[in-house]
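Coordinate-derived values only; no laboratory data. Because the structure is a prediction, the values reported are computed rather than measured. Virtual Cβ from ideal backbone geometry, glycine too; neighbours counted across all protein chains shown.
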Amino acid sequence: MIQAWWRGTLVRRMLLHAALSAWTIQCWWRQICTMQLVKQRWEALEFYKRQIWATVRLQSWVRMWLIRQRYRNMLSVVHTIQDHWCGHICQSHDTFQGSYELIGDRLVLQLDIFLGSQVCRITDCIPFPIKN
């Protein structure tokens, strides 16, 4: 009877030790899984952040390129007008009047060129892409 009791105690002790070991391994495994999930979320957030940054950067470059292109076109037009006007001024003493007005995101331009008895009127409304 004592021997049976002792063997039962040893078996119960081994089962308790095995259960505690299994519980310890399960807790460790859950902790590893949680850390991996947090790492995956962090990597996904970093990837998303890089995509957004690249998108914004690309959009700003395209906007800058479009504005520069528009500026070069306007500069070309201004140079053409100035070249023609300088040549015309040298030939005669006709005059011109002009006005411009900034309304919101648009430039309203009006030029009146007096050529003797004739008037050449140039009116244009140029939109500017303004970032809100």
Requested in this report: Using label points projected 7 Å from each Cα along Cα→Cβ, tell me how many nm separate Met1 and Thr123, to one decimal.
Outcome: 12.1
Query raised in the report: Using the alpha-carbon atoms, what tilt in degrees (0 to 90, nearest 10) does helix 2-91 show relative to the longest principal axis of the chain?
Result: 0
Query raised in the report: Where the only charges are on Cβ atoms (+1 Lys, Arg; -1 Asp, Glu), what is the dipole of the chain about its Cα centre, to the nearest 20 debye?
Result: 1660
Report task. Evaluate the distance, in nm, between pseudo-label points positioned 7 Å from the Cα of Glu43 and of Trp61 along their respective Cα→Cβ axes. Result -> 2.7
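Determine the gain in length on full extension of the stretch His17-Arg68; use 0.36 nm per residue of separation and subtract their C-alpha separation, reporting nm with one decimal.
Roughly 10.8 nm would be gained on extension.
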Query - Selection from Ile25, Gln51, Met14 lying farthest towards where the dipole of the chain points positive, charges on Cβ - result: Met14
Requested in this report: Be a star and scan the stretch 51-85 for residues whose amide nitrogen sits under 13 Å from the point 7 Å along the Cα-to-Cβ vector of Leu115.
Outcome: 84-85
Query raised in the report: Between Ala54 and Gln31, how many nm apart are label points set 7 Å from Cα along the C-beta direction?
Result: 3.7
Query raised in the report: Given H placed on each backbone N at 1.01 Å, which residues far from Leu107 in sequence or on other chains put an amide H within less than 5 Å of it?
Result: Ile126, Phe128
**Report entry** Positive minus negative residues near Cys125 (Lys, Arg vs Asp, Glu; Cβ under 13 Å)
**Finding:** -2
